[in-house]
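Below: the structure, in structure tokens.
The values are calculated or read from the model by the stated rules, or taken from the named source; none is laboratory data. All values reported here derive from a predicted model rather than from experimental measurement. Using ideal geometry, Cβ is built from the backbone for each residue, glycine included, and neighbour counts are taken over all protein chains shown. With ligands, DNA and RNA removed, areas are computed over all heavy atoms of the protein, side chains included. Shrake-Rupley method; radii C 1.70, N 1.55, O 1.52, S 1.80 Å.
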Amino acid sequence: MPQTCQTFLCILFLKGLFVEGFLRGMLYPRESETRQVKSLDGMWDFRADISSIGFDEMWYSLPLAQVGDVLAMPVPSSYNDVTEDRWLRDFVGWVWYEKVFYVPSSWKSTSKRVVLRFDNVFYRCKVWLNSKEILEHEGGDLPFEVDITHQLDSFDRDSHRLTVAVNNTISQPRKVEASRSSSYCDSTSDQLTEVDFAGIHGSVKLYTTPEVHLTDISVFTEHTYTRAILKFVTEVAAYNHVKSKDIIMSYELLDRKGRVVSSAGGEGMFSGKVTVFFPTLWWPIGMGDKPGYLYNLKVITSYKGINDVYNLPVGFRTVRVEGSRILINNVPLYLKGFGKRQDSDIRARGFDYATLIRDFNLIQWFSANSIRTSEHPPPEELLELTDKYGIMVINESPTVAPKEVYQYVDHITEHAVNRHVDLLSELIQRDKNHPSVVMWSVASHSVTVRSGNIDSHLKRMMDFTREMDLQKRPVTYVTSSYDKLMIMEDPGLQFCDVISFNRHYGWYWYPGQPSLISKSLEEDLRGLHNVFGKPVLMAEYGSSAVAGRHKKPSVLYTEEYQVDTMKQYFPVFDRLRKEFLAGEMIWTLTDYNVLESYDTMSTNTKGLLTRQRQPKASAHALRQRYQALTVDTHPRFTGDQMLDVLIRFKPHEGDKFPIAIHNRLPALIREERVNTTIRKRSLNEIMTYYEP
């Protein structure tokens, strides 16, 4: 019989059982001195259950190839576009995957655990190991995992057979459109436009930990420009006979050069703090001389001489709303970026490193500083990059229901409410420590005025998000309506910290009439601010263009028309960003696949780039704007060009200021720029004030 486990918690002074199966904390698998990671990515056997007999015939009980013909299917990827068969692209129902793997002999130690982790399976799945069911999960885009140590130990052979059944349908009742094909991959997307690719979209991994191990950590920071405090709360899992006082915790904070700058530790120390003097703050790109600066928090959990080592990248930054502004590190922030979907040729929504890096390089090419992960949370690998390079992320909840649930019905179902809570919890649990995540969005394409309980539901989701997030990031949802007056009367917006507004003037409103955009846009944005008195973010705007289609004067779907509509927005943005506009995020970075239709050509062409990541004319126009915004918004640190040059030089012999002060001059000067309203103090005055 396996021993019962417990978790030592400090969150809300709780102590609870750590049950075998789902793990409460899901740290991103990182290799260390004591942890190993093995990828199960690659070719899997695949078979679609066309006749819906897989469960009755217990396909999980024997090798899949013995059931019938199998295909070679790459993991991660969507299965829809891998073959040339239309029936598989449009398939609805269960598909089956199988992989045979081996566990290194060194993993069979009695003091090691082995965990099976799925980064992203869309949408529902059941998993068997050696014919024994070990878990099931509902909801795409987010990871789940299970401890399989005992299953491996009880199966006396070298190889192991992993079977996964995946279904792309959901159980929630919904309105069915007469025009929708019966072969549509029905799941969680909005209205008629989304093709929900399905399959194992993320990596599948095995990783090891010691029996007594760190299972979760939450961090949050406070800072001035001379001192920063990193507070942490951890969870440690152990068997019942282990006492908390016998577990020794050690925390070391290392800078970018690997030097220990602060440390703490002790018996049973599951929460605490470390202090850093003259810290390097985490700044978005364009707002600091070292954007994306990360420290490494090394957490060592020790029990009877056996260590568990986990390394967590952390950044010192704060984000809050004050009046009509969003402040990061107490400095006003302006977001300039895009909505972004994970979608590309062949692999569709499957994760791919080459596509990830291509997209990230293009984000930097635009001189953007932010992305909104519309309706589908990003892979954790993307967040690792945004942390490192200073790209901010508005992290949006996975879609819980089609758009009509939020716009055209009186009540959201209890099933959708429960799924929303679960998915938000999983999202925050996964991404809570990323400094690049500066805002949560709990829903998209939502409006509450016509719906009896939608506003109370969204309020509950926003309150739940604030309660779960120790960093207290701003919370929003993206409001949208085809009725212009409904937006101003949307009662759910009163509960947002930031008003996120979606409006495609020149496309869904005033198509072919770009000259009407500016007036209506400014009326809407000012109206929202006047009613709610909060920062307003243009979370989505834009029009479609088919790459290579040209006409002058411009007409719908031409590259020229996409540019013409964009340029009607820019003057309004420039006027309002001096007052209350918090940012502009065009829809979307790239074209993406949609439901086949006579007027969409199976592609949403609102992208600045094609699905193959090649620029349209609009990409060059937006790049020019974003580069100009960088210069205009953050031209220098001090406003004195000569001083900016001088403070970037390294300290020289005889420098009267301490090296720590000299290295922090840009941040100190910035504080003076923010806090001083009548005059600037001299450099000597500033150094006298801040010298320790």
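Once the C-beta distance of ASN296 and ASP463 is scaled by a Förster radius of 41 Å, the resulting FRET efficiency is 0.75 to the nearest 0.05. Neighbours of GLY492 by Cβ distance under 9 Å: Lys/Arg scored +1, Asp/Glu scored -1, total -1.
Remark: spin-label model distance SER250-THR600 equals 5.6 nm, labels positioned 7 Å along the Cα→Cβ axis. Computed from point charges on the beta carbon alone (+1 for Lys and Arg, -1 for Asp and Glu), the dipole magnitude for region 211-317 about its Cα centre is near 340 Debye. Each residue of region 304-314 in turn: what ³J(HN,Hα) in whole Hz from Karplus with 6.51, -1.76, 1.60 and θ = phi - 60°, glycine and Pro shown as x? Along region 304-314, the couplings run 6, x, 9, 9, 10, 10, 9, 10, 10, x, 9 Hz.
Solvent exposure of region 211-317, expressed per residue, is 38 Å² of accessible area, with all protein chains present and a 1.4 angstrom probe.
Note on region 333-649: with neighbouring protein chains present and a 1.4 Å probe, carbon and sulfur make up 55 percent of its accessible heavy-atom surface. Give me the log10 of I(q) over I(0) for region 211-317 at q = 0.11, 0.18, 0.22, 0.24 Å⁻¹, as the Debye formula computes it from C-alpha points; what are the numbers? Once normalised to I(0) and log-transformed, intensities are -0.37, -0.84, -1.13, -1.28.
When the listed pairs LYS245/LYS304; LYS38/LYS112; LYS519/LYS567; LYS336/LYS519; LYS298/LYS432; LYS336/LYS472 are checked against a 20 Å cut-off, the alpha-carbon distance exceeds it for LYS336/LYS519; LYS336/LYS472. The calculated FRET efficiency for GLU31 paired with THR169, based on their beta-carbon distance and R0 = 41 Å, is about 0.65. Measuring between their Cα centroids, region 216-256 and region 504-537 lie 46 Å from each other.
Measuring r between the beta carbons of LYS472 and ASP422 and using R0 = 22 Å, the FRET efficiency lands at 0.50. Near GLU211, once Lys and Arg are set to +1 and Asp and Glu to -1 for all other residues with Cβ below 11 Å from its Cβ, the sum equals +1. Run the quick spin-label model on LYS551 and ASP156: label points 7 Å from Cα toward the beta carbon, then report their separation in nm to one decimal. With each label placed 7 Å out from Cα toward Cβ, I get 7.6 nm.
For region 211-317, carbon and sulfur atoms together expose 49% of the accessible surface, with a 1.4 angstrom probe and every protein chain in place.
The simple spin-label model puts a point 7 Å past each Cα toward its Cβ; for GLN494 and MET58 those points are separated by 5.9 nm. When both region 140-169 and region 588-632 are represented by their alpha-carbon centers, they are found 39 Å apart.
Of the residues PHE316, LEU253, MET269, the one whose Cα sits farthest towards the positive end of the charge dipole of region 228-327 is PHE316 (charges of +1 on Lys and Arg Cβ, -1 on Asp and Glu Cβ, taken about the Cα centre). Find out how many positive minus negative residues lie around LYS231, taking Lys and Arg as positive, Asp and Glu as negative, among other residues whose Cβ is under 11 Å from that of LYS231. Around LYS231, the surrounding residues sum to 0. When peptides 527-534, 324-331, 592-599 are sorted by average Cβ neighbour count within 10 Å, with the highest value leading, the order is 324-331, 527-534, 592-599.
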